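What follows is a short report on a single structure.
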Amino acid sequence: MVKLETKRLILRPFDIADAESMYRNWASDPDVVRFMCYDVCDSLESTQRHIYQWMEYFNNLPIGSSWCVFAIELKSCGDLIGTIDFHENNCEAHAAEIGYQLGKAWWGNGYATEALSAVIDYCFEEVGLNRLWADHNALNIASGKVLIKAGMLCEGTSRQCYIREGILADKVSYAILKEDWDIKREIAFYNSLPCVFNGFIDVPTLAGVGLYLVCLEKQSGNPEKKYVPGYMFAICKEGEKIGNISLRIGYGGGFYGSNLYYGGQIGYDVDEAYRGNGYAGQACRLLLPVARVHKMKKLLITNDVNNIASRRVCEKLGARHVREVKLPEWTDMYKSGQRNSNIYEWTVE
């Protein structure tokens, strides 16, 4: 048993001595227990019996299973406000279920998400699990929001799969994989990188050997939608426009700050008649002075896994292949039919 700490919480081993706080703060509250798999505890003794049954279940898990039950304690006052647990129910697949409960007096403060995120980190970083899942009564919409905020993805609804208070009820299931968690951490890393934007700069013609860029548009972005600002350039050769290239200024933006992880800071397109001559790579290098003005240290370039030519552009630039990802359904690329994307990281020297 371990102790975890977050900004506001201490997650410590749960003990039978916590029964009194559990009974007082949530187990006796019908609003909290409404969606749980147990009934309201009507006394301290019934709460203790519930805990013994609970612990008996955990102790009878298959040999080799990893599990832990944490008491959620507020750092500010020491109040015990809930519990959170995980138990490995498929050792071969390294998969575990997570469950949590929180006293009503502490709802709406982000404590459940904070505790859940800490346990997810622990399970993947220290325990070595590969999959974590959870479900909730379909009517418990708030619990679903907690799971989503912690990075879990909805995997579907099981209709009328159990009886709660004499009524057939639906369950909604969520899960997060180690791969999803790795991506979440990568997104957080890129979003933490420095960037300075105090307005657009006057961009002269960016000239290379036989190729130059002309700024066509400065897109101010959309703070409401969290779209970052960007520059749009025409790729020109001998007075003729042969393609386009854009540079987005900043990191994060959009859906949970992950738009640019999937979309990249640089996007380019060269007319078909001019492809295969290295123009895309040369255009990317011409953008570097603008990126440096805005103090950007790394630029992400993404492409369809089937776009071999674009992959070669990234390789010739010396960009590091971060990973291949499955695109979330909310991305524009997914909506246009793309399903998998390569993520490349290009260091601005």
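Given H placed 1.01 Å from N in the peptide plane, which residues other than close sequence neighbours of L9 have an amide H under 5 Å from its amide H?
It is K75, by chain and number.
Could you give the dipole magnitude of the chain about its Cα centre, charging the beta-carbon of Lys and Arg +1 and that of Asp and Glu -1, in debye to the nearest 20?
On the way: 38 positive and 43 negative charges, 297 e Å.
Value, rounded to 20: 1420 debye.
Just one of [x] 1.40; [y] 1.01; [z] 1.26 is Cα Rg over 2.2 N^0.38 Å as worked out from the coordinates here. Which one is it?
Comparing each candidate, only [z] matches the computed number.
Determine the calculated [θ] at 222 nm for the chain from helices alone, applying -39500 (n - 2.57) to every DSSP H run no shorter than 4 residues and normalising by the residue count; nearest 500 deg cm²/dmol. The partial results should precede the final answer.
Numbers: 11 runs with 92 residues, N = 349.
Calculated at 222 nm, the ellipticity per residue is -7000 deg cm²/dmol.
Determine ³J(HN,Hα), in whole Hz, for all residues of the range 186-196 in sequence, where each value follows from phi through the Karplus function 6.51 cos²θ - 1.76 cosθ + 1.60 and θ = phi - 60°; x replaces Gly and Pro.
With the stated coefficients, the range 186-196 comes to 4, 4, 4, 5, 5, 5, 8, 5, x, 7, 10 Hz.
Sort the following peptides by mean Cβ neighbour count (other Cβ atoms within 10 Å, averaged over residues), highest first: 95-101, 271-277.
Working: 95-101: 20.0, 271-277: 12.0.
For the peptides 95-101, 271-277, the packing ranking is 95-101, 271-277.
Can you list the HN-Hα couplings for the range 333-349, worked out from phi with the Karplus curve (6.51, -1.76, 1.60; θ = phi - 60°), rounded to whole Hz and with x for Gly and Pro?
5, 4, 5, 8, x, 6, 10, 10, 9, 8, 10, 10, 10, 10, 7, 8, 7
Under the 0.36 nm per residue contour assumption, what length would be gained going from the current alpha-carbon distance of A105 and C91 to full extension?
On the way: separation 14, 0.36 × 14 = 5.04 nm, distance 3.64 nm.
Net length gain for the segment: 1.4 nm.
In straight Cα distance, which lysines are under 27 Å from K218, not counting same-chain residues fewer than 8 positions off?
Counting by Cα, and skipping residues close in sequence, K218 has these lysines nearby: K226, K237, K241, K295, K297, K298, K335.
For K3, list the lysines whose Cα falls under 19 Å from its own Cα; do not include residues on the same chain fewer than 8 positions away.
The qualifying lysines are K75.
Could you tell me the distance between the Cα centroids of the range 179-206 and the range 259-288, to the nearest Å?
Between the Cα centre of the range 179-206 and that of the range 259-288, the gap is 17 Å.
Please label the shape of the range 138-179 as rounded, prolate or oblate, based on the square roots a ≥ b ≥ c of the eigenvalues of the alpha-carbon gyration tensor (a/c under 1.5 means rounded; beyond that, a/b larger than b/c means prolate, else oblate). It would help to have the intermediate numbers written out before the result.
Values: a/c = 3.61, a/b = 2.00, b/c = 1.81.
Prolate shape, in that a/c is at least 1.5 and a/b is the bigger ratio.
Just to confirm the filter: which trypsin sites (Lys or Arg not before Pro) across the range 194-234 are DSSP coil and have at most 14 other Cβ within 10 angstrom of their Cβ? All intermediate terms of the calculation are to be shown ahead of the outcome.
Numbers: sites: K218, K225, K226; in loops: K225, K226.
Sites meeting the loop and neighbour criteria: K225.
Hey, got the dipole for the range 243-349? About the Cα centre, +1 on K and R Cβ, -1 on D and E Cβ, debye to the nearest 20?
Numbers: 15 positive and 10 negative charges, 76 e Å.
Magnitude of the dipole: close to 360 debye.
Per residue of the range 315-322, what does 6.51 cos²θ - 1.76 cosθ + 1.60 with θ = phi - 60° give for ³J(HN,Hα)? Whole Hz please, x for Gly and Pro, Karplus curve as stated.
Result, ordered by residue: 5, 5, 6, x, 6, 8, 6, 7 Hz.
Below 14 Å, Cα to Cα, which aspartates and glutamates can K316 reach? Residues fewer than 8 away in the same chain don't count.
Counting by Cα, and skipping residues close in sequence, K316 has these aspartates and glutamates nearby: E345.
Taking the chain as a Gaussian network, Cα atoms linked when under 10 Å apart, which of S336, S310, S46 shows the biggest mean-square fluctuation?
Of S336, S310, S46, the Gaussian network model singles out S336 as fluctuating most.
From the residues N277, L299, S117, which one has its Cα farthest along the dipole of the chain in the positive direction, the dipole being from +1 and -1 charges on Cβ of Lys/Arg and Asp/Glu about the Cα centre?
N277
Rg over Rh of the range 1-153, using C-alpha atoms and the Kirkwood radius, what does it come to? Don't jump to the answer; show the numbers that get you there.
Details: Rg = 14.7 Å, Rh = 15.8 Å.
Here Rg/Rh amounts to 0.93.
Readers should treat all values here as calculations from the given coordinates under stated rules, not as data from a laboratory. This structure is a prediction, so every number in the text was calculated from the model and none was measured. Note: ideal-geometry Cβ built from the backbone for every residue, glycine included; neighbour counts use all protein chains shown.
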